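Written out below as structure tokens is the structure these notes cover.
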Amino acid sequence: MKRWITFDLDGTLMQNPFGKWIFPEVEALVCAGLSEPYEVRKALVREHEARMDRNETVAAYDWDEMLRQLLGQLNLKLEIDIEQLVLKHSIQPKIYLLEDSILATLEKLKSKGYSLAVATNGFYKYQYPVMKELGLAEWFDEIITPEKVGCGKPNIGMVRELLQTGELVAHVGDRLDHDVYLANRLGVPSMFIYRDLPEALRKLPIEQRSADPEFIAICENKLKVENPSLTAVPLPPDYVATHVLYRLEELLECV
Ligand SMILES: [Mg+2]
């Protein structure tokens with residue numbers, strides 16, 4: 001019986017190359033093709049959000065397909081391969097681990113006997129090259145991605161197969177609407193990583209932070225930004241983390 005801990009990737013463990021490198025390059029290529037300005041990133045994100053609203057949690061992360069669709073709408077005959085751009089830009093310091101002690105923390109969890117899995121909404125072809133370059137890949141026993149399992153967060157079906165091989169001890173992530181919600185719906189500890197935690201709240205025990213009024217207000221604002229269609233005030237219980245961490249190492253005190 002394995003004891004699993006699942007992790008989100010983007011914003012939790014690593015910085016991917018999409019925001020700073022891939023989207024700007026794609027936008028430059030499209031604008032050059034059109035010979036006029038065009039907000040490609042905004043258009044792609046709009047399509048992503050529309051698909052998420054329709055609960056198409058796999059298609060919403062298929063950036064190559066969304067780009068092909070957009071190029072078709074724009075009548076542009078451009079060959080842009082986002083998977084290839086990920087490979088091109090997956091070099092440090094364009095991509096990086098969000099804390100220096102992340103690999104050491106994963107190693108300690110492994111030595112405590114936990115099996116580690118990634119539960120990310122990014123397709124495998126976009127995430128694995130980044131994980132490999134950052135030295136993350138070798139620490140994980142499973143990498144769960146939406147195109148492999150047929151759904152993405154916040155759908156709890158994402159970890160269904162994993163649960164057949166053991167118990168889930170905790171899920172760690174940086175989004176309330178995806179990560180905290182997923183863990184809470186599964187009835188497992190929701191480890192919310194929030195690196196901007198105010199100094200005063202860092203002094204509180206890890207399990208008491210989420211009940212603090214100052215932190216509840218932070219979460220209400222964050223949830224509004226993450227998903228404007230949700231009712232964020234008052235913060236619904238599904239989005240209240242059981243544990244709030246300001247650095248990943250604190251996870252070692254919780255499991
Ligand atoms: Mg994330």
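The values are calculated or read from the model by the stated rules, or taken from the named source; none is laboratory data. Note that the structure is a prediction, hence the values are computed from the model and not measured. Ideal geometry is used to build each Cβ from the backbone, glycine not excepted, and the neighbour counts take in all protein chains shown. When the accessible area is computed, the model is the full protein with side chains, heavy atoms only, and any ligands, DNA or RNA have been set aside. Shrake-Rupley method; radii C 1.70, N 1.55, O 1.52, S 1.80 Å.
Of all residue pairs spaced 6 or more apart or on separate chains, those with beta-carbon atoms under 6 Å, a first member in region 70-86 that is over 18 Å from residue 34 (Cα atoms) and a second member that is in a helix (DSSP H, G or I) are 82/63; 82/64; 83/125; 85/22; 86/126; 86/129. Identify the single condition in (1) farther than 30 Å from residue 33 by Cα; (2) open to solvent by 20 Å² or more (accessible area, probe 1.4 Å); (3) not aromatic (Phe, Trp, Tyr) that residue 102 does not satisfy, given that it satisfies every other one. The number of the failed condition is (2).
Those helices (runs of 4 or more DSSP H) of region 132-189 in which at least 1 residues are away from the ligand (no atom under 16 Å from the Cβ) and of a type in the set (Val, Ile, Thr), considering only elements entirely within it, cover 146-149. Among the residues of region 45-56, is any open to solvent by less than 50 Å² (accessible area, probe 1.4 Å), of a type in the set (S, T, N, Q) and in contact (Cβ under 8 Å) with a residue 60 or more places away in the chain? There is no residue in region 45-56 that is open to solvent by less than 50 Å² (accessible area, probe 1.4 Å), of a type in the set (S, T, N, Q) and in contact (Cβ under 8 Å) with a residue 60 or more places away in the chain. For region 202-228, the candidate set comprises residues that are hydrophobic (A, V, I, L, M, F, W, C) and assigned to a loop (DSSP other than H, G, I, E, B); within that set, the residue that is most open to solvent (accessible area, probe 1.4 Å) is 204. Inside region 229-255, can you point out the residues that are within 18 Å of the chain's Cα centre (by Cα) and part of a loop (DSSP other than H, G, I, E, B)? Scanning region 229-255 gives 240, 241, 246, 247.
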